[in-house]
Amino acid sequence: MSHCLRVPGPFWGGAGSGAPDPAKVAFSYRAGWSGTARQRSALHGLLQRQHCLHLARNYSRRLKAASDFVCRLMVAERCLLPPVGRQSGGRGRLLRGLCQELAVHTSHWDCLQCHMRRDPWLGPVLLQQPEVVQRMKQSLFLLALHALCLLESCLVALLQNWACGPPTLLSEVFQGLESYNQGLSEWALQEAKLGPGASGQQGLWGGRAFSVERVLAILAAERGRLAGERLSLLLPWQQAGTSDLKPAADGTSGAGEGLPAHLETVCREEEAAVTALLQELLASTDGLGHRLLHRPKQEQPPEPLTAGQVLGPALLPSRTSLDWLDAAGILYAEYRPLFWRAASTSLACQLELRSPLAQLQEGAWAALGRQLTHALDEACLPLEAAGELKDAALHLLKLDILWRWDPGFCHALGTSLVDKCLPKPTTVACSQTGQLLQRLFLLLAFSMRCLDTQPCSGDPGNRLLPASLPLQLLSLAVATSHASSYWATSKAYQYLASWSLSQFLLVTQGDLQLLKTEAKKMLVQVGRIFLEDKWKQSPLASHQERELSLQLHAAATSIQLFANDVLELFYLDCKRVSAEVFGQSMPLGKYWRLALREEVPSAPSEYAQAASQTVLAPVLQGIRWLSRDAQAVVLSQVMTAFLEAWMGHILAQKIKFREPCS
């Protein structure tokens, strides 16, 4: 009987009536009620299915609308990015429509969730199938996320494409940014309500709102890129032939002479254009203008409003008011460092593209860097412009160092393997390898002098060349010094062991003396530059500088010590070889008794000729290319060793010289 009366609650006593009170109703059994219960249970199931179908239709419509919106966004960028010169009024309406429609598609899940909560028929079904709800939520969230990312990239592309366009054209983009930020804030509220990880994708959302700082950074990056390309054309390049470019000589190029005026013109034109653009930004974006005009007092002179006060479009100041002009000035003060940093980076990139052409003339980058530095000294530029462009001049110096030191060092290493160290009458007393190593020292010395004259200004973290150039110069100096020390030492021992005195004297009295002088100058220059703190950016950089400085000092010291000791080695070997020659060829005993001879010999003895040809002749042949001072030093050493060996042999063999009796 209780099974027959088991009827769902909403159908007791008809539609809308509650269940009867068992205490007030007398029990009675009717046979027809069991059939009615089955019919009402079936009707209840049909109604639940009908509401589920309504939910599915609502979900599919929203899913279809979001998918279509994503597809339209995929093709919208091509429609919104024609050339700037071709004006089209429909682009602004299309952009604003897309940004306003974004709020609809980011709220699909919120609306669908409200519908499910208001419908009591869906509760039991959805509680039994939670995975269905999770899949619907994830699908709508992913489509909304895709739409946000696509629209964000589209807005960034528009800002970049129209950055140098008329301000009225950019005002359409600025108005779209407001709608995008509003849709993004609503999306963030939904995420906050649902809690972390509600979308089922941890760490998937990475969208960012278009704040004032971000808009300024995008505009400055694009306008700075174009300005860098323009500045690269203003540098004094002249066409050489048909396939290469060479930097013009100082004082011979009209572009080089007018470079300071060109730089000042770029600054004035940029300030005028950006001021109008920033005023349009404030006029087109009420929210951005409100936040900017009500900053704290330390950032802006006008008195701020209360935190709860809302500034509507009617309350914004006019374009001629002082508040408006102050706001534009604040924005331009934030924009200018970003612009010149981007311009300097773009200029460096443009110059790197010409690096194969600049290789055709030695020192091209250094010449351009000097001309740019001179132009900056003569021009009246903002501090940000002067600082960033001086970094670009340092970048030119870096290019010059790399393009000349790398092949020069490789050439020196290759030449050292095949260099016979034979002197040439038309050149100085230096081998080919020694000349190449000396050029490397001179290149690094010039680069360090240029680096020493550059002031260290600006934020170290935002410099085009932070600590890389000084450390790189120091590393190249260490490599050059070690290579010079190893080559000179190994060649000196090699030629001395083989008794090739011409090559030995050329290496030790020619190459080694030049390298010792250059290494000493380099050590002094490095000590003057790196003992100061202006280029030290971090404890790690300071530690690297100290380590490299110690290595350079060790290499320079080894060159100097070997240069001081090499003559002592030469003296000892000359004495040893002379003693061997005397021991093998100098006669003993009766040979020296002149009384046994008919007459005094008029020609030198054979042993003397052999000793002089073995020891003295190679030395006299090798010192011909040396300076007079070097010749005197070498001759004094070899004659002292030769005579000491001769006298030592005479004393050791107890040779007695007797004159004939009269």
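Values quoted throughout were computed directly from the atomic coordinates according to the rules given, and no laboratory measurement underlies them. Quick caveat, the model's predicted, so the values are computed rather than measured. Backbone-built Cβ (ideal geometry, glycine too); neighbour counts: all protein chains shown.
Quick look at the values:
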item: Equivalent ellipsoid semi-axes - Cα gyration tensor, region 393-440, angstrom; result: 27, 12, 5
item: Stretch gain in nm, segment A157-L142, where the contour uses 0.36 nm per residue and the Cα spacing is subtracted; result: 3.2 nm
item: Theoretical gain in end-to-end length, L353 to L126 [0.36 nm per residue, Cα-Cα removed]; result: 75.4 nm
item: Electrostatic dipole magnitude of region 99-141 [Cβ: Lys, Arg +1; Asp, Glu -1; Cα centre; debye, to 20]; result: 100
item: For S605, distant residues with modelled amide H under 5 Å away; result: none
item: Extension gain, L643 back to Q50 (0.36 nm per residue minus Cα-Cα distance, nm); result: 201.0 nm
item: At R0 = 41 Å, FRET efficiency that the Cβ-Cβ distance of Q134 and A42 yields, to 0.05; result: 0.85
item: Backbone N within region 615-638 under 20 Å of label point (7 Å from L572 Cα along the Cβ vector); result: 615, 634-638
item: C164/A209 FRET efficiency (R0 22 Å; Cβ-Cβ; nearest 0.05); result: 0.35
item: Inter-label distance, nm, simple model (7 Å from Cα along the C-beta direction), E378/L620; result: 6.1
item: Label point at R57 placed 7 Å out along Cα→Cβ; residues across region 111-142 whose backbone nitrogen lies under 19 Å; result: 111-123
